[in-house]
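Presented below is the structure to which this report refers.
Each value in this text was obtained by applying a stated rule to the coordinates, not by laboratory testing. On a predicted model such as this, the values are computed, not experimentally measured, just so you know. Quick reminder, even Gly has a Cβ in these numbers, built from the backbone with ideal geometry, and neighbours come from all protein chains shown.
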Amino acid sequence: MIDCHTHLTDGAFSVDRDAVLRRAHRAGVRAIAIVGQDLAENRDVLAAAREAREAREARQARSSGAGEAPGEAGDAHPVLLPFLGLHPDRFADRKPPFPDSETAAIVALIREHAGDIVGLGEVGLDYWVSQDEERRAAQREALTTLAALAMELGLPLNVHSRSAGRHTLELLMERGNTRVLMHAFDGKAGHALKGAEAGFLFSIPPSIVRSPQKVKLARLLPLEALALETDSPVLGPVAGERNEPANVTIAAAAIAEIKGLSEAQVREACAGNARRLFGLDAET
């Protein structure tokens with residue numbers, strides 16, 4: 001399985017991130033997307049991905065020396081997939097105006113590390129935190145800039161769209177983006193279907209077990225338009241409790257029940273969808 005959207009650099013994982021990753025691997029998670037939300041967190045994402053890659057190489061070397069197959073060691077971790085972005089809540093009404101200089105610095109960082117990252121994210125629109133039209137316009141400008149950059153670099157987008165689902169879909173479709181993951185989409189299923197027809201994927205979190213809207217979304221969209229995520233540390237099966245990537249199994253089980261499929265079918269299909277979108281090899 002692939003967890004397509006997490007915040008593993010969040011302070012909620014500062015004490016036990018290693019244990020969290022081991023639990024995820026034991027649950028069958030083989031890759032985890034970690035997204036950045038601003039310049040500082042983007043740097044944290046790059047550092048976490050680099051540390052994970054170095055640790056993975058060291059584990060593989062030890063496993064080879066011990067005669068084990070790669071990935072069979074008890075301390076095995078999923079591969080971390082770094083995404084760099086600019087979260088729309090940085091333009092929230094309650095916050096100071098977001099400086100153009102930081103947006104420019106984020107674009108520069110993405111260009112510098114284009115060969116090291118899997119995609120751009122978290123990006124998007126959030127009309128829940130921004131009621132002011134000037135702030136919404138700033139969100140749209142930032143998303144337009146990053147969507148164009150993603151197309152230029154040939155990278156996918158990992159997209160937030162709270163209370164702005166239709167607006168986000170329309171903006172991206174009008175600009176020709178096709179490699180798009182809509183994370184935890186909270187809009188109308190009918191709007192999502194139009195996105196699916198354009199080739200977008202929609203990732204479903206474990207909170208589906210307490211969200212009639214997510215149930216409807218999973219029911220309406222075809223399996224080839226679905227992926228799995230946790231949005232760790234939030235959107236878990238129990239409101240208010242820390243979520244983690246191992247819980248992606250809960251989302252897979254819920255989709256399987258809704259669609260009358262086996263969990264194995266859902267896991268395989270969603271992983272294949274994510275690999276195609278993210279440009280990953282078949283071993284990931």
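Just to compare against my own numbers: the Cα pair-distance distribution for region 1-123, 5 Å bins, whole % per bin, please.
Distribution as computed: 2, 11, 19, 20, 17, 12, 9, 5, 3, 1, 1, 0 percent.
Which value, in debye to the nearest 20, gives the size of the charge dipole of the chain about its Cα centre, when Lys and Arg are +1 and Asp and Glu are -1 at the Cβ?
With only Lys, Arg, Asp and Glu charged at Cβ, the dipole is about 660 debye.
Students often forget the sequence filter, so: which lysines lie under 17 Å Cα-Cα from K194 once same-chain residues fewer than 8 apart are removed?
Leaving aside lysines fewer than 8 places away in the same chain, those within reach of K194 are K214, K216.
How much of the pair distance distribution for region 124-239 lies past 22 Å, counting alpha-carbon pairs only, in percent?
Cα-Cα pairs of region 124-239 separated by over 22 Å account for 31 percent.
Against the empirical 2.2 N^0.38 Å scaling, what ratio does the C-alpha Rg of region 2-278 come to?
Cα-based Rg divided by the globular estimate yields 0.97.
So what is the diffusion coefficient of region 215-284 in µm² per second by Stokes-Einstein at 25 °C and 0.890 mPa s, using a Kirkwood Rh over Cα pairs?
In µm²/s, the coefficient rounds to 193.
For E133 and V238, what is the calculated FRET efficiency with R₀ set at 35 Å and r taken between the beta-carbons, to the nearest 0.05?
Efficiency for this residue pair is about 0.45.
Which helices of the chain meet both criteria: a Cα extent of 20 Å or more along the helical axis and a mean Kyte-Doolittle score no lower than -0.5, with helices taken as whole DSSP H segments?
133-153, 263-278
How much FRET efficiency would the formula 1/(1 + (r/R0)^6) give for A105 and K216, where r is the Cβ-Cβ distance and R0 is 41 Å, rounded to 0.05?
On the way: r = 40 Å, r/R0 = 0.97.
Plugging the Cβ-Cβ distance into 1/(1 + (r/R0)^6) gives 0.55.
Using the 10 angstrom Cβ neighbour count as an exposure proxy, how do L193, L277, L39 rank, fewest first? Working shown, then result.
Numbers: L193 16, L277 24, L39 19.
If I rank by nearby Cβ atoms, fewest first, I get L193, L39, L277.
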